[in-house]
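**Student:** Here it is: the structure, laid out below.
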Protein chains: 2
Amino acid sequence: MSTISIDGDRLLGRIRTLGGIGRDEAGRLTRLAATDADKLGRDAFVAWSRDAGLDVRIDRIGNLFAIWGGGQGHAPLMIGSHIDTVIDAGMFDGCYGVLAGLEVVQTLAETGVSPDRPIVVAAFTNEEGVRFSPDMMGSAVFAGSHPLEAALASEGTDGALLGAELRRIGYAGDEEPGFLKPGAYLELHIEQGPILEHEGVGIGAVDSLQGISWQRIAIVGEANHAGTTPMTMRRDAGHAAARVIDFLRRSALERAPRLVATVGSLGLWPNAINVVPGEAVLTVDMRSPDADILAAAEARFAAFLQEMRSEGGFSITQTRLVRTEPVQFDGRIVRLVETAAAGRGLTVRRMTSGAGHDAQMLAPIAPTAMIFVPSAGGISHNPREHTADDPLIAGANVLLDVVRDLIAALPSGGGA
Amino acid sequence: MSTISIDGDRLLGRIRTLGGIGRDEAGRLTRLAATDADKLGRDAFVAWSRDAGLDVRIDRIGNLFAIWGGGQGHAPLMIGSHIDTVIDAGMFDGCYGVLAGLEVVQTLAETGVSPDRPIVVAAFTNEEGVRFSPDMMGSAVFAGSHPLEAALASEGTDGALLGAELRRIGYAGDEEPGFLKPGAYLELHIEQGPILEHEGVGIGAVDSLQGISWQRIAIVGEANHAGTTPMTMRRDAGHAAARVIDFLRRSALERAPRLVATVGSLGLWPNAINVVPGEAVLTVDMRSPDADILAAAEARFAAFLQEMRSEGGFSITQTRLVRTEPVQFDGRIVRLVETAAAGRGLTVRRMTSGAGHDAQMLAPIAPTAMIFVPSAGGISHNPREHTADDPLIAGANVLLDVVRDLIAALPSGGGA
């Protein structure tokens, strides 16, 4: 195949234009799902897609599909991500993948490529899950793993219902979710972590997405006077929490890099300088790309808590908050990503995604993989989120090459 | 000496009457210094003292002195404590010592004892330090270790000035603080800790009061995504805080029971389940009755923090909040307490006071000791604060016997 490349200026221009929509007086970017700001962002994506000759369809959960080419009844190739943001966000998370998808299709169209199947650029509703729960909602409804009616009835943090809000902003479509059956799914995304930058690698060929175990641990000991209670008579819930924090760190280090564990949140009661803490509540976030490692880590942690209980002195309650299994992406597409990156002269490494993405919802219904570009400082969900122009363009060109390879490689058949 | 005993019913009745003054609609007891409730409590103490034939004098910081007997110019024997309370308090902290002092004097007067020196029952202003800072203010001003003018100018948590409040409630006296020069000082108090109850001992002969070191430690690492940041690249301030907690506990256990250390308060930032903590702020409370042990513990802790700094990854700030030296009480009076307890058929042990008391302010200017009675469950500063009637009466009788022994033993001379 001859080398063609995307129009970097057009891509960067659109990223910045979309990144300018939904800013407040102080310049903070916030485009929560199904808000007025989200409507304006959607309007921009729809206008660019139609200008590029794509047919825009909208399903009942508000997912946008910009479709190029009817093909010959073969299952479409889907490129997707999301354009909703967190509060005080960066401009790259999600938007980069959607706009790079559009750029790839537009580039293919302009160079006269004529694939044998539709190529679809998808922008899924409410990936961030900030206003409405759960996150990755649009892709989950599309893939059939979350019920449409429950999603539409979801109540936002402001009390509004998602279904009504989608109608209000004009993005409650009439396509049934799942009306398209993708033959493959690709998602290009900023890493949102430090690994690529730290190792000086240009492209991440993402072969898996970590399973997540979130728990809340409540430890009850006894609050006592810090001056008059002998060390040997204390039931110090703060020290018990410290033991949990240290256990989890050692446990994860033993399995690094296949396991991470974090105590991000901790509260003591009564939280006074001169009182031995009587209660501690902490959260545990454990993730692994390997289902067995994650399950074993949970079991080891439960055994540790049981051991603490059996020492006496503490009542410990363990509450499961979130549990998702790891997702393995499609090995063939991951190899295509590696080949495409190398073909562009870029360094590449296989990696797992530490964060959740729409791709994990698509993986059960279509061969799926993701492409990562470096995040400066590993920072995301923050105005300091940044990736330089060159790696943004490089990532989009890798996406372009993988799309071309997939068009050539995908089997015939399927489709809407 | 013949055995005489205090009037238990009278003592218990006054404790309950005073404990009923300053309760809100819900029954919570709060008599903060120089409030209307404090005025009513003072009025009750003054009335009981005058009814018993004592001469009540008030100094410029509002300390109350109920004086019995003119003596022959010998330095007075002082029995004291305080009648202000914390918020939602028990009825025994401080009040027990003041009312037992009054009961002892009244008993001596009624049995026709005629000491060669005045016996003074003191109720010091603002021991608790809840409304006005610092705590133990009245006794510190009396003993000359805190300036009168600064104390009068102290601004309360409600914005009121102590001097004005004392005038408003009619308890700004005209005696200069220190107008009495005690020949000895005794303070009877509930333990506010669990040791006596735990060991089944009736009386604590308090030979020292712990020095206190309060510090605030701020640890700055780096906040990062809990899913995408490898364990080896983290600068987890929460884990650093856990190491501090564990170090302090091990450090205190090595020196137990001569050292206690507590991390009572801890806050993480941003304190989110899926973010590696970037900052931790915690408080450290270390106490010892031994000045060398306390100083060595501070030095070991500072070295530990320095070691953590030298590992890299964390910026650690150490702020000193409070530092008091341990106080050694008078060995001769402590032995009198032991003898008196044994004479009443009570078990007795020497112990240190973990909490601060007016006695520590008096110790530099007069031979001083304290007597403790057990606290149920070690609980204090709480409505559940409790000591049963029998040990309350027993403690007052020990105080009575020590007072009689001291009258006989104190050298002549001194006095106002």
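The values are calculated or read from the model by the stated rules, or taken from the named source; none is laboratory data. What you are looking at is a predicted structure, and each value in this text was computed from that prediction instead of being measured. Heads up, the Cβs are rebuilt from the backbone with ideal geometry, glycines too, and the neighbour counts pull from every protein chain shown. Heavy atoms of the whole protein, side chains included, go into the accessibility calculation; ligands, DNA and RNA do not. Shrake-Rupley method; radii C 1.70, N 1.55, O 1.52, S 1.80 Å.
**Student:** Would you mind telling me which numbered condition in (1) among the polar types (S, T, N, Q); (2) without any contact (Cβ under 8 Å) to a residue 60 or more places away in the chain; (3) within 7 Å of another protein chain (Cβ to nearest Cβ) A:Thr283 fails?
**Tutor:** Condition (2) is where A:Thr283 drops out.
**Student:** Suppose we filter region A:215-226 for residues that are surrounded by fewer than 21 Cβ atoms within 10 Å (Cβ to Cβ) and either outside the structural domain of A:Glu307 (by TED's automatic domain parsing) or touching a Lys or Arg at 6+ places or on another chain (Cβ under 7 Å) (or both); how many remain?
**Tutor:** 2
**Student:** Which of the residues that make up region A:325-363 are more than 19 Å from A:Val98 (Cα to Cα) and in contact with a His (Cβ under 8 Å, 6 or more places away or on another chain)?
**Tutor:** Within region A:325-363, A:Gly354 is the sole residue that qualifies.
**Student:** Another question, then. For the condition in the same structural domain as A:Gly278 (by TED's automatic domain parsing) and not aromatic (Phe, Trp, Tyr), what is the one hit in A:Arg300, A:Arg335, A:Arg350?
**Tutor:** After applying the criteria, what remains is A:Arg300.
**Student:** Is it true that A:Glu279 is open to solvent by 40 Å² or more (accessible area, probe 1.4 Å) and touching a strand residue (DSSP E or B) at 6+ places or on another chain (Cβ under 6 Å)?
**Tutor:** yes
**Student:** Which numbered condition trips up A:Ile15, out of (1) assigned by TED's automatic domain parsing to the domain that holds A:Tyr171; (2) open to solvent by 50 Å² or more (accessible area, probe 1.4 Å); (3) not aromatic (Phe, Trp, Tyr)?
**Tutor:** (2)
**Student:** Give region B:227-266 a look and list any residue that's assigned to a strand (DSSP E or B) and open to solvent by 30 Å² or more (accessible area, probe 1.4 Å), or say none.
**Tutor:** Passing the criteria: only B:Arg235.
**Student:** Another question, then. Answer yes or no: is there a residue in region A:297-307 that is within 13 Å of chain B (Cβ to nearest Cβ) and either at pLDDT 95 or above or within 23 Å of the chain's Cα centre (by Cα) (or both).
**Tutor:** So far as region A:297-307 goes, yes, one or more of its residues are within 13 Å of chain B (Cβ to nearest Cβ) and either at pLDDT 95 or above or within 23 Å of the chain's Cα centre (by Cα) (or both).
**Student:** Given the residues B:Ala355, B:Ala369, which is the only one that is farther than 30 Å from B:Ala223 by Cβ and away from every other protein chain (no Cβ under 14 Å)?
**Tutor:** B:Ala369
Residue-wise test of (1) closer than 28 Å to A:Gln192 by Cβ; (2) open to solvent by less than 10 Å² (accessible area, probe 1.4 Å); (3) outside the structural domain of A:Thr368 (by TED's automatic domain parsing); (4) over 22 Å from the mean Cα position of the chain (by Cα).
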| residue | (1), (2), (3), (4) |
| --- | --- |
| A:Phe45 | yes, yes, no, no |
| A:Ser49 | yes, yes, no, yes |
| A:Gly53 | no, no, no, yes |
| A:Asp59 | yes, yes, no, no |
| A:Gly73 | no, no, no, yes |
| A:Pro76 | yes, yes, no, yes |
| A:Asp93 | yes, no, no, no |
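**Student:** Give, as residue ranges, the helices (runs of 4 or more DSSP H) completely inside region B:100-212 that count at least 2 residues that are open to solvent by less than 20 Å² (accessible area, probe 1.4 Å) and touching a residue at least 40 places away in the same chain (Cβ under 8 Å).
**Tutor:** Ranges flagged: B:137-143, B:162-168.
**Student:** Applying the selection to region B:213-229, what residues are in contact (Cβ under 8 Å) with a residue 12 or more places away in the chain and either of a type outside the set (A, V, I, L, M, F, W, C) or within 22 Å of B:Val260 (Cα to Cα) (or both)?
**Tutor:** Residues of region B:213-229 in contact (Cβ under 8 Å) with a residue 12 or more places away in the chain: B:213-227, B:229.
Matches in region B:213-229: B:Ser213, B:Trp214, B:Gln215, B:Arg216, B:Ile217, B:Ala218, B:Gly221, B:Glu222, B:Asn224, B:His225, B:Gly227, B:Thr229.
**Student:** Being modelled with pLDDT under 95, surrounded by fewer than 22 Cβ atoms within 10 Å (Cβ to Cβ) and part of a loop (DSSP other than H, G, I, E, B) narrows it down to one of B:Gly377, B:Gly312, so name that one.
**Tutor:** That would be B:Gly312, the only listed residue that is modelled with pLDDT under 95, surrounded by fewer than 22 Cβ atoms within 10 Å (Cβ to Cβ) and part of a loop (DSSP other than H, G, I, E, B).
**Student:** While we're looking at this one, here's another question. Between B:Arg335, B:Arg349, B:Arg344, which is open to solvent by 50 Å² or more (accessible area, probe 1.4 Å) and within 14 Å of chain A (Cβ to nearest Cβ)? Before you say what the answer is, go through the steps one by one.
**Tutor:** Working: B:Arg335 fails: within 14 Å of chain A (Cβ to nearest Cβ); B:Arg344 fails: within 14 Å of chain A (Cβ to nearest Cβ).
Step by step, each of B:Arg335, B:Arg349, B:Arg344 is checked, and only B:Arg349 is open to solvent by 50 Å² or more (accessible area, probe 1.4 Å) and within 14 Å of chain A (Cβ to nearest Cβ).
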